[in-house]
Amino acid sequence: MSKALKDAGISALIALGIFGAMVGLPTVVGPGGKLSLDPQPWTVAIIVAVVFFGRLGIVLWQANRKPRVKAKSTTHSKYTVANVAGPLLLAVAVVLPMAGDRYLIDIGILVMTYVMLGWGLNIVVGLAGLLDLGYVAFYAVGAYSYALLAQTFGLGFWTCLPLAGLLAAFWGMLLGFPVLRLRGDYLAIVTLAFGEIIRVVLLNWTQLTGGPNGISGIPRPTLFGLKFTLGDGPDTFAGFFHLTPSITYRVAFLYYVIFGLALLTNWVSNRLRRLPLGRAWEALREDEIACRALGINVTTTKLTAFAIGAGFGGFAGAFFATRQAFISPESFTFIESAIVLAVVVLGGLGSQIGVALAAIVMIGGGEVFRDFNEYRMLIFGVALVVVMVVRPRGLVSGRTPSVSLGRGGHIAADMMSEGHG
Amino acid sequence: MFVTTQNPHTGGSLAYALQQLINGITLGMIYGLIAVGYTMVYGIIGMINFAHGDVFMIGAFLSLIALTGLGMLGITYVPLALFLTLLFAAGIAALYGWTIERIAYRPLRGSFRLAPLISAIGMSIALQNFAQVAQGARDKNLPELIPGGFKIFEENGFVVQLSWMQIVITVVTVALLGLFTWLVTKTSLGRAMRACEQDMKMTSLLGIDVNRTIGLTFVIGAALAAVAGLLFLLYYGSINFYIGFNAGVKAFTAAVLGGVGSLPGAVIGGLAIGLIEAFWSGYASVEYKDVAAFSVLIVVLIFMPTGLLGRADVEKV
Amino acid sequence: MAEALLSVDKLTMRFGGLLAVNAVSFDVRAGDITALIGPNGAGKTTVFNCITGFYKPTGGRIIMRQPEGGELELAGMPGFLINQRAKVARTFQNIRLFAGMTVLENLMVAQHNTVMPNVARGLMAVFGLGNFRQLEEAAIEKARHWLDRVGLTERADEPAGSLPYGAQRRLEIARAMCTDPRILCLDEPAAGLNPRESDELSALLMSIRDDGCAVLLIEHDMGVVMRISDHVIVLDHGVELADGTPTEIKANKHVIAAYLGEEDPEDIVEIVA
């Protein structure tokens, strides 16, 4: 017990050092711009006390804990997370707009967008094991491609969507080609650099992109030509179906569009996983050198993963542009790449259902905390750290083999390698 | 910062270039100090400490707090105030460094590469917002503490100036790096660090406390970053909670450019980035200066994947 | 004497100041099991890595004879092409299986190029186009064949990482054979195997040879080497010491000296006699 007290005491002292100055002595700008300090001793005292008792509790709990049993390497249960949660979530997702609450549908759109981005990045990071910290670049390319195509050529959403995806995929190949042979962390920093370069270019190339003012007046998607405005003429959704015009219809339609796009991403990923290409990606993640010795062109394989992932990012970007009807470089910061990457890692690499769950938890959670405003991002950062420390392999870890002779089981995550880029 | 108040295009070209050189080297020193922290941590445990740039930012804030406090207490003798501030900022930042490693990285060591990375990103976001919540979101400004300097030479009306602040930065950086090199090459801690870099398991089997060594690596890196923060505060006179991200990415770029794991590489990388930034701002456009630095990084890595001074990692087949 | 399938001609490999391989020349003949032996640090794995494309040699040539006539220069060719075009497969000293994938999946990955000849076909398969289905079934059949050959059929759906050591070695060989090679290069295949497993390995290698695939192996287990090799090459400090049949090598006093560490071969004759 005395050891625990000593431990807690040291933690409290450290907390004093860490929080004492930054929290306890905030600088305030007085009249005339002069700086002074505004001491907050009680806040610091409370924090230190919390740390002391918290650490005491943790140390005592750990001393009394039973050792954990190691999990089996393969499980053969019929009920995996994918089997149970998957259809459930799907059902919820389909009926969500029927609830009619516009705010809820908006959150649904937001979550669905990140689910799609997560599934797209999952191809790159989860399946192929490539460390990409600049995914937001493809999101931006998709968004701006659509906006510019719509503005310059007057093309509609459905025409531009595949174009945006193709442009993003092409961009992915261009970016990927010189750098994909770099080792893991170098690849990470280079992709991050790419993301930042694109953001700065978008911000400053005012002639093309409108600079910080962005591009507005981006057309909304139509349903076979029916527009979703608030009027009720024959060419509008409301008019055609003889309903009272309501903004909810447009929002619900947007929701189903992103839902459809996300499902497309999911379907393609799942298909690819069972095909030689997906197997090659996973083999690449496990051991690149062995792949080379088996005649696999590692560069091409990496490029396809990168490009396909980029393409889906582009689709999502085009959707984002049409949903907001306005885009600016503000929306394409590194934080977005970080959030999507966190969704993928938190979900458990390579797991589709995991990514979906992670997106719901993270983005949904973010919305729940929206009222906390400035504390929101702080909580987000802390939550990321906590979740990673507690469950580094993610929510749904492990993988199901893509081909089997008999009854395939579910392989535990401990067996898997996470890839070195 | 008084050196950029002159019109860049009226003066003589040599003088102008020289001024950019001076500015670039100064900026490069600050980046170099931060880069050393990145490269040390990467060299020893193979991870990118995403939160390191934000420790630099915290260091800058700690310096601001100390200086404001000392001012309020009536201690206005500049050298003394700066000395006390340096100890304060470096000391508290060292605590930050140690705690960050202990909480966010150590539990994940040896597992899985991506988890510590996400944890680091989370820590970075947490630190940025912590500073925002605790100290406010506005820019905080500090009046010039070390004003003036002297003319080096003049050409066609353009005066090349070297400020005292720039000299202070250079002296402090060189002194700290010298101290640090001594630490790494001559002390037992330095040997332990280098041993851990080579083979951690073996090092621990030889009785060296690996956890402590790694913890101290973070501590030293954090302290250096805090000094960089103090220098930044004094040089630019204005800080906010976001400076960590920008400086952090550039300093990491510098570390990678120089070859991750190489200490002289970090310094050279820092100087390179500082010079690129200064020359690009001076001759091309200020808006794209970050792009210039990143582009150089990408080009270098394409042709020299291990950086300028990095060791070629020969993977055993 | 069978024709040389692979000719290594004055192969040299320099790492900075270190000359790891110094103008080594030898032939690997079709229908032979060729063994590359020598004390540790002799440069054997370096030669291997040059042949299989993991190192780019500093000098010399590596020529592979094609069945239709014509030659391929392997030195400097990217590793994956050496397997794909020249049909040279290899295993690794530290086993490199895809641990998180099943035994069957490992064998399927090896047949990647057959089932997916190019990216276009690969993408078409997403939409059910092309003859992907037949190719995949043929691949599963070949995998099954090799599973039977190495006795791993029962464990086809287990993760490769959970297999016992001997089984992992056999899987690695089966995986390499699934690429339909003309030469199988094995880096210390008998390391860590008990006598019974060594016998099984010997039988497997000889049956592979009899099926028409030449075998080149690095090995320290002299029992295995002497028992199954048709042709032995001895390296020491990057230089070729001897080249001949197992019987010839056993009697070669330079070889004995290298292994026993004696300076003067004449002393060895005294000891051995």
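List the equivalent ellipsoid semi-axes of the protein assembly as shown in whole Å, largest first, each obtained as the square root of 5λ for an eigenvalue λ of the Cα gyration tensor.
Working: eigenvalues 543, 308, 165 Å².
Sorted largest first and rounded, they come to 52, 39, 29 Å.
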Exercise for the section: Would you tally the net charge around residue A:179, using a Cβ to Cβ cut-off of less than 12 Å, leaving residue A:179 out, and scoring K and R as +1, D and E as -1? Expected result: +2
Handout entry: Ranking of A:103, C:165, B:288 by count of other Cβ atoms within 10 Å, fewest first
Key = A:103, C:165, B:288
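Give me a single rounded figure for C:78-88: the average over its residues of other chain Cβ atoms within 10 Å of their Cβ.
Mean partner shielding for this stretch: 4.
Regarding segment B:239-305, what's the average projected area of the Cα-atom convex hull, expressed in nm²?
Working: hull surface 19.3 nm².
With the hull built on Cα positions only, its mean projection is 4.8 nm².
Only helical DSSP H runs with n ≥ 4 go in: add -39500 (n - 2.57) per run for the protein assembly as shown, normalise by residue count and round the 222 nm mean residue ellipticity to 500 deg cm²/dmol. Let's see the in-between values first.
Values: 40 runs with 594 residues, N = 1011.
After summing the helix terms and dividing by the residues of the protein assembly as shown, the value is -19000 deg cm²/dmol.
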Practice task
Give the long-range amide H neighbours of residue C:90: residues separated by 5 or more places, or on another chain, with amide H under 5 Å away, using H modelled in the peptide plane at 1.01 Å from N.
Solution key: C:185
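Beyond 26 Å between alpha-carbons counts as too far, so tell me which of A:34/B:289; C:87/C:253; C:10/C:87; C:44/C:142 fall in that bin.
Details: A:34/B:289 32 Å; C:87/C:253 36 Å; C:10/C:87 22 Å; C:44/C:142 31 Å.
Checking Cα-Cα distances, A:34/B:289; C:87/C:253; C:44/C:142 exceed 26 Å.
Cα convex hull of segment B:34-246: mean projected area in nm², to one decimal?
Mean projected area for segment B:34-246: 14.2 nm², to one decimal.
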Exercise for the section: Return, for the Cα atoms of segment C:98-180, the radius of gyration and Dmax in Å, separated by a comma. Expected result: 13.4, 41
Practice task
Take every residue in peptide B:67-74, count the Cβ atoms of other chains within 10 Å of its Cβ, and give the average of those counts.
Solution key: 3
Problem - Exposure proxy order (Cβ contacts within 10 Å, fewest to most) of C:10, C:142, A:3, B:140 - result: A:3, C:10, C:142, B:140
Practice task
For segment B:172-210 and segment C:139-206, compute the distance between their C-alpha centroids and round to whole Å.
Solution key: 45 Å
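Jot down the per residue volume, in cubic angstrom and as a whole number, of the convex hull over the alpha-carbon atoms of segment A:2-62.
Working: hull volume 3.7 nm³, N = 61.
Dividing the Cα hull volume of segment A:2-62 by its residues yields 61 Å³.
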Handout entry: Cα pair distances in chain C, grouped into 5 Å bins until the bin that holds the longest one, percent each
Key = 1, 6, 12, 15, 17, 16, 13, 9, 5, 3, 1, 1, 0, 0, 0
Completion exercise
Taking Cα atoms only, helix B:13-45 is inclined relative to the longest principal axis of chain B by an angle, in degrees rounded to 10, of 20 degrees
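Could you work out, residue by residue across B:39-49, how many beta carbons of other chains sit within 10 Å of that residue's beta carbon, and then give the average as an integer?
Details: counts 0, 0, 0, 1, 0, 0, 0, 2, 1, 8, 0.
Going residue by residue through B:39-49 and averaging, the value is 1.
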Exercise for the section: Report, in degrees rounded to the nearest 10, the 0 to 90 angle that the Cα long axis of helix B:243-258 makes with the longest principal axis of chain B. Expected result: 70 degrees
Fill in the blank from the handout: Check: C-alpha center segment A:165-192 vs C-alpha center segment A:210-227, spacing in Å is 29 Å
Exercise for the section: For segment A:265-409, evaluate the Debye formula with one uniform point scatterer on each Cα (no solvent term) and list log10 I(q)/I(0) at q = 0.14, 0.18 Å⁻¹, rounded to two decimals. Expected result: -0.86, -1.24
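Relative to the Cα centre, what is the charge dipole magnitude of segment B:194-310, using +1 at the beta carbon of each Lys and Arg, -1 at the beta carbon of each Asp and Glu, and rounding to the nearest 20 debye? Spell out each step's value before the answer.
Details: 5 positive and 6 negative charges, 28 e Å.
It works out to roughly 140 debye.
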Completion exercise
Going residue by residue through segment A:144-161, the Karplus relation 6.51 cos²θ - 1.76 cosθ + 1.60 with θ = phi - 60° gives ³J(HN,Hα) values, rounded to whole Hz and with x marking Gly or Pro, of 5, 4, 4, 4, 6, 4, 5, 5, 7, 10, x, 7, x, 4, 5, 6, 6, 4
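Per-residue counts of other Cβ atoms within 10 Å, averaged by peptide: what ranking do you get for A:13-19, B:204-210, C:48-54, highest first?
Values: A:13-19: 19.3, B:204-210: 13.1, C:48-54: 23.7.
By packing density, highest mean first, the sequence is C:48-54, A:13-19, B:204-210.
In terms of the ratio Rg/(2.2 N^0.38 Å) built on C-alpha atoms, what value belongs to segment C:157-242? Provide the component values of the computation, followed by the final result.
Numbers: Rg = 13.7 Å, N = 86, 2.2 N^0.38 = 12.0 Å.
In units of the globular-protein estimate, segment C:157-242 measures up at 1.15.
When a/c is below 1.5 the answer is rounded, else prolate if a/b is larger than b/c, else oblate, so apply that to segment A:91-415 with a ≥ b ≥ c taken from the square roots of the Cα gyration tensor eigenvalues.
Values: a/c = 1.62, a/b = 1.44, b/c = 1.13.
Note, shape of segment A:91-415 comes out prolate.
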Completion exercise
Whole-Å distance linking the alpha carbon centroid of segment A:249-321 with that of segment B:104-151 is 34 Å
Exercise for the section: Give me C:196, A:279, A:399, B:106 ranked fewest to most by other Cβ atoms within 10 Å of their Cβ, as a rough exposure proxy. Expected result: C:196, B:106, A:399, A:279
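One quarter of the convex hull surface, Cα atoms only: what value does that give for segment A:272-327 in nm²? Walk me through the intermediate numbers first.
On the way: hull surface 18.7 nm².
Here the figure is 4.7 nm², rounded to one decimal.
Only Lys, Arg, Asp and Glu count, each charged at its Cβ (+1, +1, -1, -1), so figure out the dipole size of chain A about its Cα centre, rounded to 20 debye. Could the numbers behind the result be given before it?
Working: 31 positive and 20 negative charges, 280 e Å.
Value, rounded to 20: 1340 debye.
Which whole-number percent is the relative contact order of chain B (Cα, under 8 Å, 6+ apart)? Could the numbers behind the result be given before it?
On the way: 504 pairs, mean separation 114.3, N = 317.
About 36 percent, as a whole number.
Any read-out appearing in this document is the output of simple, stated calculations on the displayed coordinates, not a laboratory observation. Because the structure is a prediction, the values reported are computed rather than measured. Note that each Cβ is placed from the backbone with ideal geometry, even for glycine, and that neighbours are counted across all protein chains shown.
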